[in-house]
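Novice: Got a structure here, written out as structure tokens. Questions coming.
The values are calculated or read from the model by the stated rules, or taken from the named source; none is laboratory data. Bear in mind the structure is a predicted one, so any value in this text is a computation, not a measurement. All Cβ positions, glycine included, derive from the backbone under ideal geometry; neighbour counts span all protein chains shown. Ligands, DNA and RNA are excluded from the accessible area calculation, which covers all protein heavy atoms including side chains. Shrake-Rupley method; radii C 1.70, N 1.55, O 1.52, S 1.80 Å.
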Amino acid sequence: MLDRMKRIPYHVVLAPILAVLLAMVVGSGFILTVGESPFAAYRVLLQESFGSMRGFATTLQRATPLMFTGLAVAFAFRAGLFNIGAEGQLYIGAFAAAWVGFTFTNLPKFIHLPFAILASMVGGAIWAAVSGLLKAKFGIHEVINSIMMNYIAYFLTDWLVTGPFQGSTMIPETKRVAASATLSRLMPPTRLTTALYVALLAAAIVYFIMWRTKLGYEIRAVGLNPTAAEYGGISVARITVAAMAISGALAGLAGMEQILGLNNRFIQRFSPDLGFMGVAVALLGKNHPVGIVLAAVLFGALQTGAAAMDRLTSVPRELITILQGVIIFFIAAEYLFSRFLKVKGEA
Amino acid sequence: MWDLIGLLVNTTVFAATLRMATPLLFTAVGGLFSERSGVVNIGLEGMMLIGAFTAVAVSYFTGSPWIGVLGALAAGSLMGFLHGVASIKYRANQVVSGTAINIFAGGLTVYLQRLIFKMAGVSEAVPRIVDVELPIISRIPWIGPVIGRQNPMVYLALLTVFAAHIVIFKTVWGLRLRSVGEHPGAADSVGINVYKTRYIAVTLSGALAGVGGAYLSVAHLSRFVEGMTAGRGFIALAAMIFGKWNPIGALGACLFFGYADAMQMRLQEIGIPTQFVQMMPYVLTMIALIGFIGRAVAPKASGQPYVKEG
């Protein structure tokens with residue numbers, strides 16, 4: 001194990017840490033503008049998210065959907081595809097889970113819950129496969145086409161929950177899902193559910209597919225060099241669609257957690273940019289399942305601490321959104337650190 | 001039948017179309033400069049949002065919405081420049097950098113709103129740019145009611161489109177811009193400064209997106225509302241693609257999308273859900289990309305960092 005740790009290149013671990021630290025320095029500037037001490041504010045934040053079991057459970061709950069979207073984005077990344085459509089896939093998956101949840105109300109839990117979970121994966125996978133097909137068949141860049149697919153998903157679900165599937169009230173949301181389709185809570189009153197186990201299992205499966213199967217090998221080959229992969233007999237079109245579909249299934253699971261674990265119904269535009277945050281989580285986690293789980297916990301902690309910081313200091317909770325944006329920015333501009341890291345690595 | 005035509009074709013709707021198209025026009029033309037230089041800018045949404053907020057904040061403190069628009073232009077430029085630093089100098093993935101800007105903008109605007117106005121959701125009302133009536137033109141039947149009495153920024157947006165067309169297709173700098181976006185290597189070999197051209201284009205795209213956002217907050221409305229751009233940056237991106245990366249095409253797309261926007265309420269009255277009307281720009285852009293309405297093709301080097309050899 002230690003031997004293996006040594007083989008991990010220096011910068012893989014160091015660059016994300018540097019990005020987070022640098023973002024916290026930028027955040028300090030914002031904290032100073034409201035006349036608070038950055039140390040005090042960050043301490044409140046950490047105390048809330050890691051200081052108690054209850055806080056930590058909330059951190060894990062917030063981290064769970066980000067693990068799914070992080071894995072989703074990373075999976076596509078490995079195939080050289082930028083799945084910025086995770087947000088839309090999440091909505092379609094969420095709706096599918098909700099639909100199964102409130103439609104088939106007389107099923108036993110051991111059938112109903114897996115059925116609803118599966119539905120979310122199928123919904124997300126289909127939505128993403130369309131993006132994959134558009135890329136493979138028509139050469140339409142997946143970033144552009146999945147942005148369009150996102151908005152189509154938003155408006156489609158807007159319509160579904162204000163029209164045909166609106167619950168009994170005038171609120172834009174569906175009926176509640178049956179109890180037999182809800183995830184069990186691990187530590188009431190926190191809303192941490194068994195979705196966490198599903199997420200960790202998904203991370204393990206992603207690892208297995210990516211590094212232990214032929215499909216994973218082909219995906220990585222296409223990601224590294226599509227032309228060479230095609231010459232080597234791999235159908236780039238097939239891999240593109242397959243990678244997008246699996247990515248979409250993972251994004252759909254994030255929607256599933258929000259429905260079957262958190263809200264128990266589909267609320268119009270419920271997602272606080274979970275799909276886009278997945279991009280941040282994937283990059284921060286270096287597109288590796290272990291890194292993604294850790295990065296998701298970090299982002300979950302930031303979000304959990306945000307409310308306490310807002311309550312106990314005069315720093316608005318939006319500081320966290322700013323921090324998240326800045327972290328992504330520094331991760332994107334990683335080349336910024338490259339010279340520094342190279343010097344370090346050679347020393 | 002005539003009722004339906006009367007519903008779809010009337011001067012009130014056309015006047016509203018222009019108003020709805022205006023923020024898209026500024027932003028789409030901005031995006032166009034960036035993409036023509038080879039830098040994908042999906043941060044337009046965030047740049048618009050920051051522009052919208054800055055315009056309100058500056059208008060609040062100075063009492064002048066026009067200075068507010070200048071402030072939005074400056075703030076947008078800064079965001080564009082940052083996107084440039086990441087994607088040109090540090091060879092960042094441009095989509096990631098754009099995503100970062102969108103998330104950052106969502107947080108920053110609300111953060112500052114709570115600092116300055118001490119409330120979440122909406123800001124206080126600030127002075128706005130009022131509509132003007134053009135002499136003579138406003139009296140022409142049909143045309144008058146459509147373009148005769150509009151917000152000055154509507155006219156400014158139309159001017160921007162034609163100015164952009166001239167700059168991109170009729171000037172030396174425009175030729176350089178296009179060559180940098182298509183074949184940066186070749187452009188470099190004939191002495192064109194690829195980096196500088198890209199920096200200018202990306203900064204300009206931020207500036208225009210900022211002004212597009214300012215239209216929403218200090219001309220269309222007179223306050224900032226949290227997340228008020230509501231995806232218009234992405235619609236502008238779609239309009240740019242639908243318009244095949246040229247300003248006149250983008251004008252057509254923006255007018256069409258603006259028309260759809262203006263028709264929303266009326267179409268709902270005859271039973272078409274608003275969501276389907278709102279979805280239309282994205283569906284149509286997809287269809288355009290697939291090639292049913294003539295294939296839309298991006299500049300060749302779009303999205304790729306340029307690394308100078310040697």
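Novice: If I go through region A:128-147 residue by residue, how many of them are open to solvent by 10 Å² or more (accessible area, probe 1.4 Å) and either among the hydroxyl-bearing types (S, T, Y) or in contact (Cβ under 8 Å) with a residue 40 or more places away in the chain (or both)? Full working, then the answer.
Specialist: Step one: of region A:128-147, the residues open to solvent by 10 Å² or more (accessible area, probe 1.4 Å) are A:129-130, A:133-139, A:141, A:144.
Subsequent filtering for residues that are either among the hydroxyl-bearing types (S, T, Y) or in contact (Cβ under 8 Å) with a residue 40 or more places away in the chain (or both) retains A:129, A:133, A:135-137.
Number of matching residues: 5.
Novice: Okay, next question. Consider B:L115 carefully, then state whether it is within 14 Å of chain A (Cβ to nearest Cβ) and open to solvent by 60 Å² or more (accessible area, probe 1.4 Å). If you could, list the steps in order and put the result at the bottom.
Specialist: Values: within 14 Å of chain A (Cβ to nearest Cβ): yes; open to solvent by 60 Å² or more (accessible area, probe 1.4 Å): no.
The answer is no for B:L115.
Novice: Further question: Against the conditions (1) of a type outside the set (A, V, I, L, M); (2) open to solvent by less than 30 Å² (accessible area, probe 1.4 Å); (3) at the interface with another protein chain (Cβ under 10 Å from one of its Cβ atoms), where does B:Q278 fall short? Just the number, please.
Specialist: It fails just one condition, (2).
Novice: So is B:R223 of a type in the set (D, E, K, R), open to solvent by 10 Å² or more (accessible area, probe 1.4 Å), farther than 24 Å from B:V161 by Cα and out of contact with any Lys or Arg (no Cβ under 7 Å at 6 or more places or on another chain) or not?
Specialist: On the way: of a type in the set (D, E, K, R): yes; open to solvent by 10 Å² or more (accessible area, probe 1.4 Å): yes; farther than 24 Å from B:V161 by Cα: yes; out of contact with any Lys or Arg (no Cβ under 7 Å at 6 or more places or on another chain): yes.
For B:R223, the condition - of a type in the set (D, E, K, R), open to solvent by 10 Å² or more (accessible area, probe 1.4 Å), farther than 24 Å from B:V161 by Cα and out of contact with any Lys or Arg (no Cβ under 7 Å at 6 or more places or on another chain) - is met.
Novice: Pull up region B:254-289, narrow it to residues that are in contact with a helix residue (DSSP H, G or I) (Cβ under 8 Å, 6 or more places away or on another chain) and in a loop (DSSP other than H, G, I, E, B), then point me to the one that is nearest to B:F14 (Cα to Cα).
Specialist: Ranking the candidates gives B:I270 first.
Novice: Also, quick follow-up: With the checklist (1) closer than 20 Å to A:Q324 by Cβ; (2) in contact with a helix residue (DSSP H, G or I) (Cβ under 8 Å, 6 or more places away or on another chain); (3) not in a loop (DSSP other than H, G, I, E, B) in hand, flag the one item B:A92 doesn't pass.
Specialist: For B:A92, the failing item is (3).
Novice: Please determine, by comparing only the residues of region A:283-294 that are surrounded by 24 or more Cβ atoms within 10 Å (Cβ to Cβ) and modelled with pLDDT under 95, which one is nearest to the other protein chains (Cβ to nearest Cβ).
Specialist: Looking at the filtered set, the residue picked out is A:L283.
Novice: Considering region B:230-271 alone, what residues qualify as being without any contact (Cβ under 8 Å) to a residue 60 or more places away in the chain and surrounded by fewer than 24 Cβ atoms within 10 Å (Cβ to Cβ)?
Specialist: At the first step, the residues of region B:230-271 found to be without any contact (Cβ under 8 Å) to a residue 60 or more places away in the chain are B:230, B:238, B:241-242, B:244, B:249, B:252, B:256, B:260, B:264-265, B:267-269, B:271.
Listed by number, the residues that qualify are B:A230, B:K244, B:G249, B:G252, B:F256, B:A260, B:Q264, B:M265, B:L267, B:Q268, B:E269, B:G271.
Novice: Out of A:S271, A:S247, I need the residue that is in contact with a Phe, Trp or Tyr (Cβ under 9 Å, 6 or more places away or on another chain), surrounded by fewer than 24 Cβ atoms within 10 Å (Cβ to Cβ) and of a type in the set (G, A, S). Which one? If you could, list the steps in order and put the result at the bottom.
Specialist: Values: A:S247 fails: surrounded by fewer than 24 Cβ atoms within 10 Å (Cβ to Cβ).
Within the list A:S271, A:S247, the selection yields A:S271.
Novice: Being touching a residue at least 40 places away in the same chain (Cβ under 8 Å) and open to solvent by 60 Å² or more (accessible area, probe 1.4 Å) is the filter here, so list the residues in region B:126-142 that pass it. Quick ask: steps written out before the conclusion?
Specialist: The initial filter retains those residues of region B:126-142 that are touching a residue at least 40 places away in the same chain (Cβ under 8 Å), namely B:126-129, B:142.
Across region B:126-142, the qualifying residues are B:R128, B:W142.
Novice: Looking at region B:60-77, can you tell me whether even one residue there is in a helix (DSSP H, G or I), closer than 16 Å to B:G210 by Cα and within 14 Å of chain A (Cβ to nearest Cβ)? Talk me through it step by step, then tell me what you get.
Specialist: Taking region B:60-77 first, the residues in a helix (DSSP H, G or I) are B:60-62, B:65-77.
With closer than 16 Å to B:G210 by Cα added as a condition, the list becomes B:65-77.
Subset that is within 14 Å of chain A (Cβ to nearest Cβ): none.
No: zero hits.
Novice: Return yes when A:V122 is crowded, with 24+ Cβ neighbours inside 10 Å, of a type in the set (V, I, T) and more than 9 Å from chain B (Cβ to nearest Cβ) and no when it is not. Steps first, answer last, please.
Specialist: Working: crowded, with 24+ Cβ neighbours inside 10 Å: no; of a type in the set (V, I, T): yes; more than 9 Å from chain B (Cβ to nearest Cβ): yes.
Against the criterion (crowded, with 24+ Cβ neighbours inside 10 Å, of a type in the set (V, I, T) and more than 9 Å from chain B (Cβ to nearest Cβ)), A:V122 does not qualify.
Novice: Residue by residue through region B:78-88, note down the ones that are among the hydrophobic types (A, V, I, L, M, F, W, C), more than 7 Å from chain A (Cβ to nearest Cβ) and touching a Ser or Thr at 6+ places or on another chain (Cβ under 6 Å).
Specialist: Taking region B:78-88 and keeping what is among the hydrophobic types (A, V, I, L, M, F, W, C), we get B:78-79, B:81-82, B:85-86, B:88.
Going one step further and asking which of them are more than 7 Å from chain A (Cβ to nearest Cβ), we end up with B:78-79, B:81-82, B:85, B:88.
B:F81 - this is the single residue of region B:78-88 that is among the hydrophobic types (A, V, I, L, M, F, W, C), more than 7 Å from chain A (Cβ to nearest Cβ) and touching a Ser or Thr at 6+ places or on another chain (Cβ under 6 Å).
Novice: Can you work out which of the residues in region A:295-330 that are among the hydroxyl-bearing types (S, T, Y) and not in a helix (DSSP H, G or I) is nearest to the other protein chains (Cβ to nearest Cβ)? Walk me through how you get there before you give the answer.
Specialist: Keep residues of region A:295-330 that are among the hydroxyl-bearing types (S, T, Y), which gives A:304, A:313-314, A:321.
So of that shortlist, the ones also not in a helix (DSSP H, G or I) come out as A:313-314.
Details: A:T313: 13, A:S314: 9 Å.
Going through the qualifying residues, I end up with A:S314.
Novice: Among the residues of region B:216-236, count how many are within 10 Å of the chain's Cα centre (by Cα) and more than 14 Å from chain A (Cβ to nearest Cβ). Break it down stepwise before answering.
Specialist: Let us first name the residues in region B:216-236 that are within 10 Å of the chain's Cα centre (by Cα), namely B:232-236.
Pick out the ones that are also more than 14 Å from chain A (Cβ to nearest Cβ) and you get none.
So the answer is 0.
Novice: In region A:1-118, which helices (runs of 4 or more DSSP H) lie fully inside it and hold 3 or more residues that are farther than 26 Å from A:A251 by Cα, open to solvent by 10 Å² or more (accessible area, probe 1.4 Å) and of a type in the set (V, I, T)?
Specialist: Numbers: elements: A:2-7, A:10-33, A:38-50, A:53-78, A:86-103.
Counting at least 3 such residues, we get A:10-33.
Novice: Would you mind telling me which numbered condition in (1) buried (at least 17 other Cβ atoms within 10 Å of the Cβ); (2) within 20 Å of the chain's Cα centre (by Cα) B:A163 fails?
Specialist: (1)
Novice: Same structure again: Among what's in region B:85-112 and is without any contact (Cβ under 8 Å) to a residue 40 or more places away in the chain and open to solvent by less than 30 Å² (accessible area, probe 1.4 Å), pick the residue that is nearest to A:N83 (Cα to Cα). I'd like the intermediate steps shown before the answer.
Specialist: The initial filter retains those residues of region B:85-112 that are without any contact (Cβ under 8 Å) to a residue 40 or more places away in the chain, namely B:85-86, B:90, B:93, B:96, B:107, B:111.
Subsequent filtering for residues that are open to solvent by less than 30 Å² (accessible area, probe 1.4 Å) retains B:86, B:96, B:107, B:111.
Numbers: B:A86: 20, B:V96: 11, B:G107: 23, B:Y111: 29 Å.
Going through the qualifying residues, I end up with B:V96.
Novice: So for region B:147-168 (the condition being closer than 25 Å to B:V40 by Cβ and either touching a Ser or Thr at 6+ places or on another chain (Cβ under 9 Å) or outside any helix (DSSP H, G or I) (or both)), does at least one residue qualify?
Specialist: yes
Novice: Also, I was wondering about something else. Conditions: (1) within 14 Å of chain A (Cβ to nearest Cβ); (2) out of contact with any Cys (no Cβ under 7 Å at 6 or more places or on another chain); (3) surrounded by 17 or more Cβ atoms within 10 Å (Cβ to Cβ). B:A209 meets all but one. Number of the miss?
Specialist: (1)
Novice: Being open to solvent by 10 Å² or more (accessible area, probe 1.4 Å) and within 28 Å of B:I272 (Cα to Cα) is true for just one of B:G63, B:G71, B:G6. Which residue is that? It would help to see each step written out before you state the result.
Specialist: Working: B:G63 fails: within 28 Å of B:I272 (Cα to Cα); B:G71 fails: within 28 Å of B:I272 (Cα to Cα).
Selected residue: B:G6, the only one of B:G63, B:G71, B:G6 that is open to solvent by 10 Å² or more (accessible area, probe 1.4 Å) and within 28 Å of B:I272 (Cα to Cα).
Novice: So if I check each of B:G80, B:G51, B:G38, which one is of a type in the set (G, A, S), out of contact with any strand residue (DSSP E or B) (no Cβ under 6 Å at 6 or more places or on another chain) and not in a helix (DSSP H, G or I)? Give the derivation first.
Specialist: On the way: B:G80 fails: not in a helix (DSSP H, G or I); B:G51 fails: not in a helix (DSSP H, G or I).
After ruling out the rest, the residue left standing is B:G38.
Novice: So, one more: Does region B:89-104 hold any residues that are more than 13 Å from B:L44 (Cβ to Cβ) and at the interface with chain A (Cβ under 7 Å from one of its Cβ atoms), and which are they?
Specialist: Taking region B:89-104 as the starting set, the residues that turn out to be more than 13 Å from B:L44 (Cβ to Cβ) are B:89-93, B:96, B:100, B:103-104.
B:Y90, B:R91, B:A92, B:N93, B:V96, B:A100, B:I103, B:F104, listed by residue number.
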